[in-house]
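The next block holds one structure in the form of structure tokens; read it before the comments.
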Amino acid sequence: MSERPKMSERPKMSERPEVSDRPEVSDRPKISERPELPESPQRPARVPGPMYVNRTDRELGVTGIQTFMKLPVCLTPADLVAGQMDAAVCGVPWDGTVTARSGTHLGPQAIRSCDYVGGYGASLPHLDVRVDPLEHLKVCDYGDSDVLPGNTDGTFEAIRAFIAEIVGTGAIPLIMGGDHGITWPTATAVADHYGHGKVGIVHFDAHADTAPDMRGNLAGHGTPMRRLIESGAVPGRNFVQVGLRGYWPPADVLDWMETNELRTHFMAEIRRDGFDTVLERALDEALDQADHLYLSVDVDACDPAFAPGTGTPEPGGLTSAEMLRAVRRLAAEVGVVGMDVVEVSPPYDSGNSITALLAHRCVREVLVGTAMRRLGLTQPDYVDPRSAGTGSARTYREPRPDSARGDA
């Protein structure tokens, strides 16, 4: 290997040969004179309707194209109408309005791919209630909303239009985030359809998300509920919040919440009275002032032991079992017209993607609850008798005679 020349031996800049064939800046074609790029190829015309993109009806969850639950794909409102879809699962891969750890833009992808069970075409009843939602509902994966990196306003407009496509057909949007900032445009789109002031929100979260701004920005994952209230889309008295704890918000924001009549259930109340009691209160309040219910689930409502993969974890929260039963009961006993599950950050997830799986199951529980409501299974905390047990041990052995037990 030859020795590298010393710095003193290298030619000086003035002695290096000029690059004579490089055009001067003034000689280069202007942007307007450069040839236009070819347009993107147009999608071939097809008959509207759901597209089945997996090879078999019972493809495993870890194989094939990762749609949610192996559901068929719809890409346009015409597809939803042709397929008579009752619900559309969709993603909003946006985390441009986080204040802590990022990564939630990877949430929809992780939630779709974490499931080991599969879905479409197989019999998969919920073992507590013995209801398979896909036997009673038509459901699709509607893909993801467009996002414009660095452009919050443009992205939120795109999200609002994206969700409007779904609700405009009568389907229920089940939205996978994304940071919690997306609830501003998603819930607004639902309120646009059903009427401002007519939608209520049950909001599971460790944080109130009612900040006036995020360091001067109106859009943020700590502001969406305030934006919805101040815009008139969802009045404060139509909000029910569950799971708040920790060290935020400050006193002035708490005062604002009280002034605007939000009904907030802190973890202190849950610890004192029990989750079941507080959930009953939330169920009673859900449609007290509204005609329709939207669910917003931040996974950090659950304790980090159950949801470590999030940007703003707060110890002392709900269990995953409590969360799953709560959203199923709300869907079955009250009914929902929309739902989001947000703040899954896969880079911080642990084990076998347990946070993404929790979010996946939240969506699935809402589908189960919606199917239960269609079947008339709306009694409080319904459990199928076959799953409830008998309350005593069940044995099949013959009772031993008295002499065999040593009795006199």
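Each reported figure results from applying straightforward, stated rules to the coordinates on display, with no laboratory input. Because the structure is a prediction, the values reported are computed rather than measured. With ideal geometry, Cβ positions are generated from the backbone for all residues, glycine too; neighbour counts draw on all protein chains shown.
Computed 3J(HN,Hα) for segment 42-55, one whole-Hz value per residue from the Karplus formula 6.51 cos²θ - 1.76 cosθ + 1.60 where θ = phi - 60°, is 6, 5, x, 5, 8, 6, x, x, x, 10, 9, 9, 10, 6, glycine and proline marked x. Of the residues 140, 224, 292, the one whose Cα sits farthest toward the positive end of the charge dipole of the chain, with +1 on the Cβ of Lys and Arg and -1 on the Cβ of Asp and Glu, is 140. Could you list the residues of segment 374-393 with an amide nitrogen less than 20 Å from a label point located 7 Å from the Cα of residue 117 in the Cα-to-C-beta direction? Under 20 Å, as judged by backbone N against the label point of residue 117, lie 374-378, 381-389 of segment 374-393.
Database note for the chain: Cys without another Cys beta carbon under 4.7 angstrom, 90, 114, 302, 362. Indicate the gyration tensor shape class of segment 150-243 (rounded, prolate or oblate), computed on the Cα atoms with a ≥ b ≥ c the square roots of the eigenvalues: a/c under 1.5 is rounded; otherwise a/b larger than b/c is prolate and the rest oblate. Here segment 150-243 falls in the oblate category. Two tests apply to each whole DSSP H helix in the chain, Cα reach of 18 Å or more along its axis and mean Kyte-Doolittle hydropathy of at least -1.0, and the ones passing both are 152-167, 354-375.
Applying 1/(1 + (r/R0)^6) with R0 = 41 Å to the Cβ-Cβ distance of residue 217 and residue 76 gives a FRET efficiency near 0.80. Close amide H pairs (under 5 Å, H built 1.01 Å from N) link residue 260 with no residue at least 5 positions away or on another chain.
Binning the C-alpha pair distances of segment 188-310 at 5 Å intervals from 0 yields a P(r) profile of 2, 11, 20, 24, 22, 13, 6, 1 %, listed from the shortest bin outward.
How large is the translational diffusion coefficient of segment 85-153 in µm² per second when you combine the Kirkwood radius over alpha carbon pairs with Stokes-Einstein at 10 °C and 1.306 mPa s? Please report the intermediate quantities before stating the final value.
On the way: Rh = 14.6 Å.
Using the Kirkwood radius from Cα pairs, D works out to 109 µm²/s.
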